[in-house]
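The values are calculated or read from the model by the stated rules, or taken from the named source; none is laboratory data. What you see is a predicted model; the values in this text were computed from it and never measured. Here the Cβ positions follow ideal geometry from the backbone for every residue, glycine too, while neighbour counts run over all protein chains shown.
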Amino acid sequence: MNDAKAAVLAHGLRVVRGGAEVLKGLDFAVPRGSVTGLLGPSGCGKTTLMRAIVGAQARVTGTLEVLGRPAGGAELRHRLGYLTQSPSVYLDLTVRQNLAYYAAVLGIGRADRRAAVGAVLDDVDLGSHADALGGTLSGGQRARASLAVALLGTPELLVLDEPTVGLDPVLRRSLWDLFHRLAAERGATLLISSHVMDEADRCQRLMLMRTGRVLAEGSPAELRERTGTDTIEDAFLRLVADDQRREEEA
Ligand SMILES: Nc1ncnc2c1ncn2[C@@H]1O[C@H](COP(=O)(O)OP(=O)(O)OP(=O)(O)O)[C@@H](O)[C@H]1O
């Protein structure tokens, strides 16, 4: 894939945290306009990789390009949306006030702010709770309010760290529908982490990680075919077993 087609491009990407190398020389590309899933067990480095992509991670070496620019550049701030694992809403402000605050931080002009806030409230279907205080929201509502913050300013790249964790199946389905609409209708690129393998089939592409490395990349169908398995969970287990065998032989 050439650079223009990749929303994220990494060569030899390494990150050291707490004295240990937690990303160990990653090479990968995330195609523009795709819904790409980042899957792997707890502690394999998904959050660290996402933090590196949005420019929030120290001690990153190697090449990491985001939307054709070096990761972390100030000019990327308005082109990225990042949802962290912990909800980012202020509990003593209403949902609408939270969004208006973040819209102001993003530099969305006063005249456009109301429309921008209304649009993301619609996206996450939270209009009915727009005037509720953050502290009175349910866990799922708070997660959607955080997602609405990440959607402000119609970012070209959305980096979403476990956006559906703890949500009921109906809500999960509607968020996955939203993610696909954002890619199909707005051309956005979505990189979405999960350790729930049953969400893998909702992605157009997958990156499977293990212990700071990318084990495999491809569509769910390609990965099942490559490993001769019927499910992504089995494909992942096969890839892990092959990887362990290679480690033992080395
Ligand atoms: N602040 C930190 N200081 C030192 N090491 C850290 C820090 N945060 C994470 N790590 C280590 O970096 C490695 C990767 O962690 P990371 O949070 O990126 O994994 P993850 O795949 O996102 O896990 P999870 O699915 O549980 O969120 C882990 O071994 C973890 O212990």
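Odds and ends about this structure:
- Residue in the range 177-191 that is β-branched (V, I, T) and within 13 Å of the ligand (Cβ to nearest atom) present: no
- Any hit, the range 124-137, residues being within 30 Å of R69 (Cα to Cα), surrounded by 14 or more Cβ atoms within 10 Å (Cβ to Cβ) and away from the ligand (no atom under 16 Å from the Cβ): yes
- One residue stands out in the range 182-221 among those that are at pLDDT 95 or above and among the basic types (K, R): the one that is surrounded by the most Cβ atoms within 10 Å (Cβ to Cβ), namely R205.
- Just one residue in the set T154, T164, T189 is in contact with a Phe, Trp or Tyr (Cβ under 8 Å, 6 or more places away or on another chain) and farther than 21 Å from D243 by Cα; that residue is T164.
- Scope the range 103-122; condition surrounded by 14 or more Cβ atoms within 10 Å (Cβ to Cβ) and not in a helix (DSSP H, G or I); matching residues: L106, I108
- Members of the range 123-163 that are assigned to a helix (DSSP H, G or I), of a type in the set (S, T, N, Q) and over 20 Å from the mean Cα position of the chain (by Cα): S128, T136
- Here V214, V170 are screened, and the one residue that is touching a residue at least 24 places away in the same chain (Cβ under 8 Å), among the β-branched types (V, I, T) and either touching a strand residue (DSSP E or B) at 6+ places or on another chain (Cβ under 9 Å) or more than 23 Å from L26 (Cα to Cα) (or both) is V214.
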